[in-house]
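Q: This is the structure, below, for whatever I ask next.
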Amino acid sequence: CPRRWWAVVVLAALPSLGAGGEAPEAPPESWTQLWFFRFLVNAAGYASFMVPGYLLVQYFKRKNYLETGVGLCFPLVKTCVFGNEPKASDEVPLASRTEPAETTPTWQALKLLFCAAGLQVSYLTWGVLQERVMTRSYGATATSPGERFTDSQFLVLMNRVLALLVAGLYCVLCKQPRHGAPMYRYSFASLSNVLSSWCQYEALKFVSFPTQVLAKASKVIPVMLMGKLVSRRSYEHWEYLTAGLISIGVSMFLLSSGPEPRSSPATTLSGLILLAGYIAFDSFTSNWQDALFAYKMSSVQMMFGVNFFSCLFTVGSLLEQGALLEGTRFMGRHSEFAAHALLLSVCSACGQLFIFYTIGQFGAAIFTIIMTLRQAFAILLSCLLYGHTVTVVGGMGVAVVFAALFLRVYARGRLKQRGKKAVPVESPVQKV
């Protein structure tokens, strides 16, 4: 019955229902502060741009505007709706992994060390700041508990604005392939990316950071499902085996989580739903981006296009809710938060550039190993800094997850050595 389904949804949105441990320290003051209500409001704001835009695209296609259109708006409409067919003389080969003149082992080792250090510093710092911003108070004194920042969408906007500026500057300074994709096609990956990032930030109000990291590791499973649905891919038996091992390891960790100290949020039903939403949206993003790369664009062009629409969606939604000014005021009240949010955005943008450079120089397998190690270090660092506890069974679950991830890398490398077509690695353009 509709009433029963509605009751299930409302109960799922309540943070007081825990799968274990204590509830968050500060529950929402009213039903308008529930994550599910905020999600619907944000989605309505994005729809106010997506729906009219989709109708306009369909209108121009039905009118055959590409052949009949004239005037000042024709180049803009053509770029946004139909795209540009690249000419042979305008095509620039995409950056590929080539051996430079300095091919000495020492030089290659130094470059690999530089890439690994850049990725580790960028994303470990990003993870620590993410947990600090979403789970701790600002302005706390002996007489005042301070206040927490609760608007995850504002953080998403800050990350996307800086990433847009970095990508745009890179495209201006470095020659790129002639852009041929219709601009509107970026909006689908952008929408799912914004929603996945929002779910990721929001989930930290209800789950511990180690739980979130393991959930990210387990997204291999929905990525495979999305690959079958969106791209009609087929997978090897070892991929199903490693996906099953990851599921077992994550289950061991979640079912054996120890009590969270102090005010750290415990795993709740709301957190699990938000993590599931993050994984689903992020899986769609990576598969849609893979399809867009058929237009022979560079990774930085992809980064620019997705972040452009992300800024459009988040700014529009925040303005409609009147939350943009409130987020700015919070930054004015707490300079520490402003510094954290800025550094969070810098780490996000720099991390994406390190991703492109690492894959271009050493390939996807080395990159995957570095990022898998980063996830393990992130769990250890979070436990040390914020006091999360991990039981023996939970630690075994973590070991199973990372063993399965390294097994995937090894098996993919063996396939490549045998000359078989390895399954493409999920797109790395938007990771945070």
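The values are calculated or read from the model by the stated rules, or taken from the named source; none is laboratory data. On a predicted model such as this, the values are computed, not experimentally measured, just so you know. Because the Cβ atoms are built from the backbone with ideal geometry, glycine has one as well, and the counts that use them run over all protein chains shown. Areas reflect the complete protein model, heavy atoms only, side chains present, ligands, DNA and RNA absent. Shrake-Rupley method; radii C 1.70, N 1.55, O 1.52, S 1.80 Å.
Q: Taking region 102-260, how much of its Cα-Cα pair set, in percent, is spaced more than 29 angstrom apart?
A: The answer is 43 percent, as a whole percent.
Q: Related question: How charged is the neighbourhood of residue 321? Take every other residue with its Cβ under 11 Å from the Cβ of residue 321, and add Lys/Arg as +1 and Asp/Glu as -1.
A: Cβ neighbours under 11 Å give a net charge of -2.
Q: Let me ask another. Where the eigenvalues come from the Cα gyration tensor of region 305-347, what are the semi-axes √(5λ) of the equivalent ellipsoid, largest first, in whole Å?
A: Numbers: eigenvalues 85, 54, 3 Å².
Equivalent-ellipsoid dimensions as semi-axes: 21, 16, 4 Å.
Q: Ignoring any ligand, DNA or RNA, what whole percent of the accessible area of region 123-177 comes from carbon and sulfur when the probe is 1.4 angstrom?
A: Result for region 123-177: 66 percent of the exposed heavy-atom area is carbon or sulfur.
Q: Starting from the Cα of residue 396, step 7 Å toward the Cβ, then list every residue of region 203-247 with an amide N under 19 Å from that point.
A: The answer is 244-247, whose backbone nitrogens lie closer than 19 Å to the label point.
Q: Tell me, what % of the accessible area of region 300-380 is carbon and sulfur with a 1.4 angstrom probe?
A: 74
Q: Using C-alpha positions alone, give me the convex hull volume of region 271-382 per residue in cubic angstrom.
A: Per-residue hull volume (Cα only) is 156 Å³.
Q: Also: For a quick check of understanding: with a 1.4 angstrom probe and all protein chains in place, what accessible area in square angstrom does residue 68 have, to the nearest ten?
A: Residue 68 has an accessible surface of roughly 90 Å² with all protein chains in place.
Q: Give the accessible area for residue 61 in Å² (nearest 10); use a 1.4 Å probe, count only protein heavy atoms, and leave out ligands, DNA and RNA.
A: About 90 Å², rounded to the nearest 10.
Q: What full-extension length gain, to one decimal in nm, is calculated for residue 335 and residue 48 as 0.36 nm per residue of separation minus the Cα-Cα distance? Present the calculation step by step, with values, prior to reporting the outcome.
A: Numbers: separation 287, 0.36 × 287 = 103.32 nm, distance 3.31 nm.
Extending this stretch completely gives an extra 100.0 nm.
Q: Would you mind checking which residues have amide H under 5 Å from residue 363's amide H? H placed 1.01 Å from N; only 5 or more apart, or other chain.
A: It is none; the list stays empty.
Q: Go through region 339-355 residue by residue and turn each phi into a ³J(HN,Hα) via Karplus (6.51, -1.76, 1.60, θ = phi - 60°); whole Hz please, and just put x for glycine and proline.
A: Whole-Hz 3J(HN,Hα) from phi for region 339-355: 5, 5, 5, 5, 5, 4, 5, 4, 4, 5, 5, 5, x, 5, 5, 5, 4.
Q: Relative to the present Cα-Cα distance, how much length would full extension add between residue 62 and residue 343 at 0.36 nm per residue of separation? Walk me through the numbers on the way to the answer.
A: On the way: separation 281, 0.36 × 281 = 101.16 nm, distance 4.61 nm.
Between residue 62 and residue 343, full extension yields 96.5 nm more.
Q: Could you check the simple spin-label distance between residue 113 and residue 55, using points 7 Å along Cα→Cβ, in nm with one decimal?
A: 6.0
Q: Past 32 Å, Cα to Cα: identify those pairs from 111/296; 175/228; 78/216; 63/216; 175/219; 175/216, in the order given.
A: Those over the limit are 175/228; 78/216; 63/216; 175/219; 175/216.
Q: Taking just the alpha carbons, could you work out the radius of gyration and Dmax for region 347-409, both in angstroms?
A: Reported Rg and Dmax, both Å: 14.0, 39.
Q: Another question about this same structure. Want the number for residue 232 to residue 121: 0.36 nm per residue separation, take away the alpha-carbon distance, what's left? Before the final figure, lay out the partial values.
A: On the way: separation 111, 0.36 × 111 = 39.96 nm, distance 3.64 nm.
Fully extending the segment from residue 232 to residue 121 adds 36.3 nm.
Q: How large is the Kirkwood hydrodynamic radius of region 186-338, counting all unique pairs of alpha carbons, in Å?
A: Mean inverse Cα-Cα distance, inverted, gives 17.7 Å.
Q: What are the residues whose amide H is under 5 Å from the amide H of residue 178, where those residues sit 5 or more places off or on another chain and H is modelled from the backbone?
A: For residue 178, the qualifying residues are 92.
Q: So for the pair residue 328, residue 407, with labels modelled 7 Å out along Cα→Cβ, what separation do we get in nm?
A: Placing both labels 7 Å beyond Cα along the Cβ direction yields 5.3 nm.
Q: Quote the accessible area belonging to residue 290 in square angstrom, nearest 10, computed with a 1.4 Å probe and with ligands, DNA and RNA left uncounted.
A: That residue has around 40 Å² of solvent-accessible surface.
Q: Which ³J(HN,Hα) values in Hz, rounded to whole numbers, follow from the phi angles of region 154-161 under the Karplus curve 6.51 cos²θ - 1.76 cosθ + 1.60, where θ = phi - 60° and Gly and Pro get x?
A: The phi angles translate into 5, 5, 4, 4, 4, 4, 6, 5 Hz.
Q: Points 7 angstrom from Cα along the Cβ direction at residue 321 and residue 41: gap in nanometres?
A: 0.6
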